[in-house]
Amino acid sequence: MSTPHRRWGLWVLVLLLVPGAMWASGVRPNELPGNATTSPSWDPGRLLDDDYYREIDTWLADRTPSQDAGLWARYQLDYRLLGDASNQAVAVGDDGWLFSRSFTDVSCETLDAIVAPRVPDGAENAFTYLVPLTKAYWLDDLLEPHDRPPACSNAARERLRATLRDDPQGFDVNAAIDDDPLGAFYPRDPHWGPQGRVRVAEALIERFSPGLWEPDAVVSQPEEVVQGMTRFLGSNDIDTIMGTAIERDVELTIEKQTFGLGLLIWQRSTVADGAVIPGTTYMFGDSQGASIVPYIDQYFEELIFVGWLRAQVAPLPMDNLPAPDRVIVEAIDQWADEVFTTPAIKDVTDRLPSGQS
């Protein structure tokens, strides 16, 4: 064998053996979205099932040492250099904006099926629900035509907004970002950015207590963030941007707990003094709702935020929690139909006092 062939053979041997030796010694890549958490179970009945072997391949690939470094290199080449996405779950828009395809592919039937949670008679005025619309609805002009949401889904979202405006328990929080949706979102993350969170928080506080919001309490400060869609492309790069925060002259106490499998999280905040919305407020929400909690918790006498990843059914420890004076439920349009039927919401709304004014 010639010397060049020996060199190539040695490199191939290294590329094959080194990752295997590292894997056997317990080395694992950093966690990135999509990493499988458990190995596929042994199932003789699936030996002829192609999906079974794909699950095994995915599990092994997710645990290959230096996989995260390889994904980062591919991210630099595909996205940073070529302006493309190496992960089919991500759509690349103009100016490097990133979108989740799971949000752009929401079916029209899913949106039309959204039904607000029902509350006991007489407690309607103590209940509010919100349905934030996904980033692709606002900024679909940044996407290539084949990546845009179907026309019927945007029409369904318009019908949903009309329902939120007409229903006394509904609140179209989307109106807070109508004027400048581009400035309301992170470029490479599906969530509201610093300015969007401020505008949504202000709208929510003004709904419950007009005039309570303090514009001077909004401060600018550097914020370090790993934008979610870049993680799906294999990068944990930290961006430093100009963020926002709330600084009111109040004494705020925060307690956090996690239940079940780590999917049900609640934060209990109390304000000892200052002008606040009185009583105990429960807020159920996904990650979008969680993002505005630090912007509103200083305006409630007591705020209990309950967050989960969709189909969480673990019960709340209601025996140790106060009865609600009001309940807020937030869920993005993609998940609202599922979230609004979560038993934990009914556990709380059933305890609302009747005869609210």
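Just so it is clear, none of the values below were taken in a lab; they were calculated from the coordinates. Because the structure is predicted, anything quoted here is derived from the model rather than measured. Ideal geometry is used to build each Cβ from the backbone, glycine not excepted, and the neighbour counts take in all protein chains shown.
Starting from the Cα-Cα distance between Asp166 and Asp121, subtract it from 0.36 nm times their residue separation and give me the gain in nm to one decimal. Present the calculation step by step, with values, prior to reporting the outcome.
Values: separation 45, 0.36 × 45 = 16.20 nm, distance 1.87 nm.
In short, 14.3 nm is gained.
Database remark: amide H of Val90 closer than 5 angstrom to the amide H of Arg101 (H placed geometrically; neighbours at sequence offset of 5 or more, or on other chains; Pro and chain starts carry no H). The H on the amide N of Phe127, modeled in the peptide plane, is under 5 Å from the matching H of Val327, each at least 5 residues off or on a different chain.
A simple rule links phi to the HN-Hα coupling: the Karplus curve 6.51 cos²θ - 1.76 cosθ + 1.60 with θ = phi - 60°, which for region 201-212 gives 4, 4, 4, 5, 5, 5, 5, 8, 8, x, x, 6 Hz, with x for Gly and Pro. Here the Karplus relation 6.51 cos²θ - 1.76 cosθ + 1.60, evaluated at θ = phi - 60°, turns the backbone of region 155-171 into coupling constants of 5, 5, 5, 5, 5, 5, 4, 4, 5, 4, 6, 8, 7, x, 8, x, 9 Hz, with x for every Gly and Pro.
Under 5 Å from the amide H of His191 lie the amide H atoms of Tyr186, each residue being 5 or more positions distant or on a separate chain, with H modelled from the backbone and absent for Pro and chain starts. Derived scalar couplings between HN and Hα for region 139-150 equal 10, 5, 5, 7, 8, 5, x, 6, 9, 6, x, x Hz in order, rounded to whole Hz, by the Karplus curve 6.51 cos²θ - 1.76 cosθ + 1.60 (θ = phi - 60°), x for Gly and Pro.
Fewest Cβ neighbours within 10 Å first, please rank Val106, Val250 accordingly. Intermediate results must be reported in sequence, preceding the final value.
Numbers: Val106 21, Val250 16.
The order, fewest Cβ neighbours first, is Val250, Val106.
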